[in-house]
Each structure stands twice: as structure tokens, then as C-alpha cells.
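Chemist: My questions will all concern the structure given below.
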Amino acid sequence: MRQPVVYVSHGAGPLPLLTTAPPSQVAVARSLREVAQSLPCKPSAIVSVTAHWEQAETTVSTCPAPPLLFDYGGFPPESYQLTYPAPGHPQLAKRITQLLR
């Protein structure tokens, strides 16, 4: 089943994910949960496009277990303890690379 394309701004970095999130970020966290719940079915993969990964040319990660990158500063200490065992998908990454060429 085809899924909708969803644009998700990172907003105030990790703040919506923190248990100590300021009130302004509680609505952001709620809207992110609502987006996930509105999908017709659970995605088999998620493709993330980001400007936070600086390379000379378009780059696609083929890592089977990509790490979190903490490319921000000045946030509460708990924001640097976040974990997410993202499952990479090297075969899908290869297909995306082929399509981009």
C-alpha cells in the first residue's frame, strides 16, 4: 500500500521528545503522534531527507544500523542521552541511489 508523503520539521531539535519538554513543545509532540496514527498502515521503511548531513554531493546512507548524530548544542543533558535503534535498510538505500541517478 502506498503511504502519504509527510514533511516533518525538526522544530526545536530534540525538545518535543524530552520528558522535560517546555509547554510550547507538548503540542509539537502531540502532532507528531497524530501523524503516525493517521497513516493507513505501519510503514515498512521511512526515508529521511536532511540538510544536516553535509557532503559535496547527494549521499545515501547504506548503514544497516545508523547511529544518532547529535549535531546540536545547548540543550538539556537528557537530550544527549536519547537513543533510537533505527533499522537501516541497505537494499532500499541501494534502490534509492539507483533512482536518484
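Chemist: If the Cβ limit is 6 Å and pairs must be 6+ apart or interchain, which residue in segment 80-101 that is touching a residue at least 24 places away in the same chain (Cβ under 8 Å) pairs with which residue that is of a type in the set (Gly, Ala, Ser) and not in a helix (DSSP H, G or I)?
Modeler: Pairs that qualify, where the first residue is touching a residue at least 24 places away in the same chain (Cβ under 8 Å) and the partner is of a type in the set (Gly, Ala, Ser) and not in a helix (DSSP H, G or I), are Gly88/Ala65; His89/Ala45; Leu92/Ala45.
Chemist: Hey, does segment 89-97 have a residue that's modelled with pLDDT of 90 or more and assigned to a loop (DSSP other than H, G, I, E, B)?
Modeler: yes
Chemist: Give me the pairs: first residue in segment 1-16 and under 13 Å from Lys42 (Cα atoms) and at pLDDT 85 or above, second residue in a loop (DSSP other than H, G, I, E, B) and among the hydroxyl-bearing types (Ser, Thr, Tyr), beta-carbon distance under 6 Å, and six or more apart or on different chains, which are they?
Modeler: Hits for this filter: zero, empty list.
Chemist: Something else: Go over the candidates Thr50, Thr20, Thr62 one by one and state the one that is touching a helix residue (DSSP H, G or I) at 6+ places or on another chain (Cβ under 9 Å), surrounded by fewer than 12 Cβ atoms within 10 Å (Cβ to Cβ) and among the polar types (S, T, N, Q).
Modeler: Thr20
Chemist: Residues that are closer than 17 Å to Val5 by Cα, in contact (Cβ under 8 Å) with a residue 40 or more places away in the chain and loosely packed, with under 10 Cβ neighbours inside 10 Å: does segment 37-47 have at least one?
Modeler: Within segment 37-47 (the criterion being closer than 17 Å to Val5 by Cα, in contact (Cβ under 8 Å) with a residue 40 or more places away in the chain and loosely packed, with under 10 Cβ neighbours inside 10 Å), the answer is yes, since at least one residue qualifies.
Chemist: Report the residue count in segment 69-80 for those that are more than 16 Å from the chain's Cα centre (by Cα), assigned to a loop (DSSP other than H, G, I, E, B), loosely packed, with under 10 Cβ neighbours inside 10 Å and at negative phi.
Modeler: The number of residues fulfilling the criteria is 1.
Chemist: Given (1) within 17 Å of Val8 (Cα to Cα); (2) at pLDDT below 90, identify the lone condition not met by Glu57.
Modeler: The number of the failed condition is (1).
Chemist: Same structure, new question: Go through (1) touching a residue at least 24 places away in the same chain (Cβ under 8 Å); (2) of a type outside the set (Lys, Arg); (3) part of a helix (DSSP H, G or I) one by one and return the number of the condition Ser61 breaks.
Modeler: (3)
The values are calculated or read from the model by the stated rules, or taken from the named source; none is laboratory data. These figures come from a predicted structure and were not determined experimentally. Here Cβ is always computed from backbone atoms with ideal geometry, including for glycine, and neighbour counts include all displayed protein chains.
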